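Written out below as structure tokens is the structure these notes cover.
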Number of protein chains: 2
Amino acid sequence: MSNSKLYKGSLTTIILKLLNENDKMYGYEITQRVKELTKGELKITEGALYPALHKLEAEGLLDVEVAKVDNRLRKYYKLTETGTKETVNKLEELAEYIKTMQALVNPKLA
Amino acid sequence: MSNSKLYKGSLTTIILKLLNENDKMYGYEITQRVKELTKGELKITEGALYPALHKLEAEGLLDVEVAKVDNRLRKYYKLTETGTKETVNKLEELAEYIKTMQALVNPKLA
DNA sequence: TCTTATACATAAGAAAATTATGTATATATT
DNA sequence: AATATATACATAATTTTCTTATGTATAAGA
């Protein structure tokens, strides 16, 4: 994902947010979008992404729809209602995380 | 640590930063300081903290000094020179992480 | 023809945490 | 005096999340 360990635990938030903006996306597309948006800083590995997508689906946060494009398989994921709600939570948690970490590393501003 | 998984991977950064500001601290003190600074948001568990301190010591980032206060054991940790350098790196990584995540969740501002 | 890109998947192992224990002393409460 | 809470360390079992490696398959480009 990156040389930095800080990204651990962030993948779900990233996936949910991207799907929140893009209605439906497939796995490979997510990896490419993240690479673009972060100018190469963050590379989502397949070994992390696919199990994460399967887990989100199993938890009922994502719905999947299989399509065949150019004779190749694609699995489009989209947020369920629950998934949309959970996206809000995850984004709040991210904002809170950033605030908390800034209080720790920059206590003068707190 | 918190209900949010985002803190996974942040503990080392937190420890190093606190020691960078406080010269020397012992484990229990770190847990209390973090609780104060984050107004209870973040509680460092012992099962996470002590192994992390031992690892940082083994890697040569921390020196340890045992003391007896009120007939109770304390292990004071302080940054080595290497540890001070690594603190700078970790803080840079945190800033980069925050920047990257903001580019992902708030692409309009990127 | 061979490499790279597209597109999925999983298994083995590592890393970092949680949860549950354990030991021991000091202080506060009932 | 007895009990609970706070202080102070530690580790073991388990879980979560990731990396690394591997596998399958088609399309496109050199």
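The values are calculated or read from the model by the stated rules, or taken from the named source; none is laboratory data. Keep in mind it's a predicted model, so treat the numbers as computed, not measured. Please note: Cβ atoms are built from the backbone with ideal geometry, for glycine as well, and neighbour counts cover all protein chains shown. For accessibility, only protein heavy atoms count, side chains too; no ligands or nucleic acids. Shrake-Rupley method; radii C 1.70, N 1.55, O 1.52, S 1.80 Å.
Of all residues in the range B:5-16 being facing chain A (nearest Cβ under 8 Å) and open to solvent by 10 Å² or more (accessible area, probe 1.4 Å), which is nearest to B:V66 (Cα to Cα)? Residue satisfying both the conditions and the ranking: B:T12. Applying the set (1) in a helix (DSSP H, G or I); (2) open to solvent by less than 30 Å² (accessible area, probe 1.4 Å) to B:Y77 leaves exactly one unmet item: (1). Each residue in the range B:1-33 was checked for being more than 17 Å from B:K75 (Cβ to Cβ) and either more than 9 Å from the chain's Cα centre (by Cα) or among the acidic types (D, E) (or both), and 11 pass.
Report yes if some residue within the range A:78-96 is within 10 Å of chain B (Cβ to nearest Cβ) and over 18 Å from B:L6 (Cβ atoms); otherwise report no. No, the range A:78-96 has no match at all. Mind listing whichever residues of the range A:5-37 are within 30 Å of B:A52 (Cα to Cα) and more than 10 Å from DNA strand C (Cβ to nearest atom)? Those that are within 30 Å of B:A52 (Cα to Cα) and more than 10 Å from DNA strand C (Cβ to nearest atom): A:Y7, A:S10, A:L11, A:T12, A:T13, A:I14, A:I15. Looking only at the range A:22-39, filter to residues that are acidic (D, E) and in a helix (DSSP H, G or I); which one of those is farthest from DNA strand D (Cβ to nearest atom)? The qualifying residue farthest from DNA strand D (Cβ to nearest atom) is A:E36. Only one entry in B:L19, B:L42, B:L53 is part of a loop (DSSP other than H, G, I, E, B) and either within 14 Å of chain A (Cβ to nearest Cβ) or open to solvent by less than 10 Å² (accessible area, probe 1.4 Å) (or both), namely B:L42.
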